[in-house]
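Structure, as structure tokens:
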Amino acid sequence: MEKIVSLAKRKGFVFPGSEIYGGFAGVYDFGPRGVELLNNLKQAWWKANVSDKENYFGIDSAMFKNPKVWEASGHVGGFSDPLAECKECNTRIRVDKELEKIGVTADEKMSESELAALFDANRDKIACPKCGKMNFGPVKMFNLLVTSNLGDFTSEGTSPAYLPGEACQGIYLNFKNIVDSMQPKFPFGVAQIGKAFRNEISPRNFLFRTREFEQADTQYFIRPNENKEAYEAIKQDRWNWYLSLGIDESKLRWKQHDRLAFYAKDAWDIEYEFPTGFDEIEGIHDRGDYDLSQHMKFSGTDLNYSDQENGQKFVPWILETSMGMGRLFLAVLANAYTEEEMDGETRIVLKLAPHLAPVKACVSPLLKNRPELQEKAREVYAILKKKFGNVMYDDNGNVGKRYRRQDEIGTPWCIVVDFDTIGSGENINPDFKDMVTVRDRDTGNQERVAISELANYIEARM
Ligand code: GAP
């Protein structure tokens with residue numbers, strides 16, 4: 001993990017939030033390379049979950065919502081984690097997570113006093129992760145919702161405008177709007193990538209557990225009791241999507257929740273083997289009619305669906321997929337990170353699927369100080385830049401060093417213009433005129449490709 005965090009910072013993928021002020025726990029910024037990779041991941045997700053699907057609709061809902069939304073969703077009342085503070089160094093721990101580490105399971109439905117009793121019974125086995133002492137204060141429930149003061153000019157008697165604790169609520173709020181405006185046939189899906197904020201007690205493991213993050217969600221609205229087959233199909237579809245990103249299947253696994261939220265009918269996680277071990281990357285939840293029923297109750301708006309075909313009226317059930325973009329990003333980086341021997345040296349290379357790579361190709365002249373090579377290389381660069389956008393020009397150092405730099409950021413192809421390309425110089429091969437060398441990132445193999453064919457060559461491989 002340390003190596004990935006270091007590469008991410010050194011190469012402009014991810015920076016610690018507010019770093020010049022000493023940082024801000026649980027918050028990260030994406031740098032120039034990172035935002036490209038992130039956008040490519042979002043694009044791949046959107047294509048698979050909206051563009052390529054029939055009867056799926058994308059939305060982008062506002063982050064701020066009427067405070068009652070979070071009462072209806074259950075977040076105001078029940079979205080809390082149990083916390084205990086070390087009396088020696090004030091470090092706060094997630095009690096349920098620490099209990100889990102010593103093999104004790106805290107039931108999700110446990111009350112504060114039951115959890116406190118369980119913690120008390122195990123105090124002698126739980127040490128502070130920072131100072132190592134075993135001297136914690138009492139267990140307290142800590143609500144994870146982040147509040148703002150939006151519209152709160154008097155601060156008396158108003159509920160705070162919460163930041164979203166989960167992105168999916170925006171989809172439920174727009175269910176009726178989507179039915180009225182798009183007239184979808186049942187069943188149908190709604191997809192969204194949206195920000196979420198949680199006051200995590202112990203943010204950890206780089207992008208894995210942060211206080212600000214993005215979720216890519218789909219909510220599939222189905223008729224009551226038509227959940228089983230559709231749930232299995234969605235699970236399979238989501239598994240296959242990770243493989244389409246080049247993720248090693250042996251690093252993925254399913255985990256069924258043994259402790260279901262009270263409204264859930266079934267819940268499975270897709271876990272990835274992060275450098276810190278297997279952990280959740282996406283949750284797939286069979287939520288029944290809980291969400292729309294709650295919003296119907298709290299808002300007073302009728303969210304029943306009237307089926308024109310058979311005249312039936314029902315509250316739709318929902319099958320949800322919810323993936324953390326930061327966790328996906330981390331999984332993709334970890335999956336791609338490779339250290340290996342090449343040409344007698346150890347190299348670091350990110351073996352990213354080409355369609356995800358932040359830079360698609362890097363164009364160089366063989367020598368920096370030869371204007372005729374520079375001119376031709378600039379021409380090739382302009383052609384590729386126009387076609388693919390994310391293309392680099394690099395004439396610093398020698399060619400070998402340029403290759404290493406591109407390997408570290410996962411650029412699939414390095415293109416070199418040499419004397420053969422321009423057809424001038426000693427011992428040139430006339431057959432290679434107007435051809436460049438293209439070096440493959442993963443094998444290091446080079447081949448000659450005509451400049452006129454270069455864009456097609458890259459596109460075909462992407
Ligand atoms: N609407 C369902 C929902 O929010 P969740 O299991 O709490 O379910 C879904 O979150 C996904 O969001 C998780 O699988 C994870 O990838 C991501 N996620 C949750 N909390 C996170 C955090 N603190 N930091 C980064 N990602 C997080």
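The values are calculated or read from the model by the stated rules, or taken from the named source; none is laboratory data. Small disclaimer: the values here were computed from a predicted structure and weren't measured. Don't worry about glycine lacking a Cβ; one is built from the backbone with ideal geometry, like all the others, and counts go over all protein chains shown. Note: accessible area is taken over every heavy atom of the protein model, side chains too, but ligands, DNA and RNA are not part of it. Shrake-Rupley method; radii C 1.70, N 1.55, O 1.52, S 1.80 Å.
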In region 107-125, is there at least one residue being buried (at least 17 other Cβ atoms within 10 Å of the Cβ) and outside any helix (DSSP H, G or I)? no
Check off (1) modelled with pLDDT under 95; (2) over 24 Å from GLU212 (Cβ atoms); (3) surrounded by fewer than 16 Cβ atoms within 10 Å (Cβ to Cβ) for LEU99 and give me the number that stays unchecked. (3)
Considering residues of region 86-96 that are open to solvent by less than 60 Å² (accessible area, probe 1.4 Å) and not in a helix (DSSP H, G or I) only, the residue nearest to LEU260 (Cα to Cα): ARG94
Give me the residue from region 156-198 that is open to solvent by 60 Å² or more (accessible area, probe 1.4 Å) and within 16 Å of the ligand (Cβ to nearest atom) and, out of that set, nearest to TYR220 (Cα to Cα). LEU173
Looking at SER293, SER299, which is the one that is more than 27 Å from the chain's Cα centre (by Cα), open to solvent by 60 Å² or more (accessible area, probe 1.4 Å) and under 25 Å from LEU163 (Cβ atoms)? SER299
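Can you pull out every residue in region 128-163 that is in a strand (DSSP E or B) and among the aliphatic types (A, V, I, L, M)?
At the first step, the residues of region 128-163 found to be in a strand (DSSP E or B) are 136, 140-143, 147-148, 161-162.
Once the filter is applied, which keeps residues that are in a strand (DSSP E or B) and among the aliphatic types (A, V, I, L, M), region 128-163 yields MET141, ALA161.
Give the residue that is nearest to GLU229 (Cα to Cα), with candidates limited to residues of region 311-337 that are aromatic (Phe, Trp, Tyr) and more than 16 Å from the ligand (Cβ to nearest atom). Before the answer, list the steps.
Step one: list which residues in region 311-337 are aromatic (Phe, Trp, Tyr), which gives 314, 317, 329, 337.
Now narrow it down to the ones that are more than 16 Å from the ligand (Cβ to nearest atom): 314, 337.
Details: PHE314: 19, TYR337: 37 Å.
Out of the qualifying residues, it is PHE314.
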Name the pairs whose Cβ atoms lie under 9 Å apart, with the first residue in region 258-272 and within 18 Å of MET323 (Cα to Cα), the second among the polar types (S, T, N, Q) and buried (at least 18 other Cβ atoms within 10 Å of the Cβ), and 6 or more positions between them or separate chains? ASP266/ASN227; TYR272/ASN335
Can you tell me which of (1) outside any helix (DSSP H, G or I); (2) free of Cβ contacts under 8 Å to residues at least 24 places away in the same chain; (3) more than 30 Å from PHE206 (Cβ to Cβ) is the one VAL104 doesn't meet? (3)
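Let's see how each residue does on (1) modelled with pLDDT of 95 or more; (2) in a helix (DSSP H, G or I); (3) more than 32 Å from the chain's Cα centre (by Cα); (4) not basic (Lys, Arg):
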{"residue": "LYS368", "(1), (2), (3), (4)": "no, no, yes, no"}
{"residue": "GLU375", "(1), (2), (3), (4)": "yes, yes, yes, yes"}
{"residue": "VAL380", "(1), (2), (3), (4)": "yes, yes, yes, yes"}
{"residue": "LYS385", "(1), (2), (3), (4)": "yes, yes, no, no"}
{"residue": "MET392", "(1), (2), (3), (4)": "yes, no, no, yes"}
{"residue": "GLY397", "(1), (2), (3), (4)": "no, no, yes, yes"}
{"residue": "ARG405", "(1), (2), (3), (4)": "yes, yes, no, no"}
{"residue": "CYS414", "(1), (2), (3), (4)": "yes, no, no, yes"}
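Yes/no per residue for (1) over 22 Å from LEU245 (Cβ atoms); (2) open to solvent by less than 50 Å² (accessible area, probe 1.4 Å):
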| position | (1), (2) |
| --- | --- |
| PRO354 | no, yes |
| ALA357 | no, yes |
| SER364 | yes, yes |
| ALA377 | yes, yes |
| PHE388 | no, yes |
| ARG405 | yes, no |
| ILE409 | no, yes |
| CYS414 | yes, yes |
Of those in region 4-27 that are in a helix (DSSP H, G or I) and open to solvent by 50 Å² or more (accessible area, probe 1.4 Å), the residue farthest from LEU356 (Cα to Cα) is TYR21
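Would you point out which residue out of ASP237, ASP217 is acidic (Asp, Glu), open to solvent by less than 70 Å² (accessible area, probe 1.4 Å), under 18 Å from ASN55 (Cα atoms) and within 16 Å of the ligand (Cβ to nearest atom)? Lay out the reasoning, then the answer.
Values: ASP237 fails: within 16 Å of the ligand (Cβ to nearest atom).
Just one listed residue meets the conditions, ASP217.
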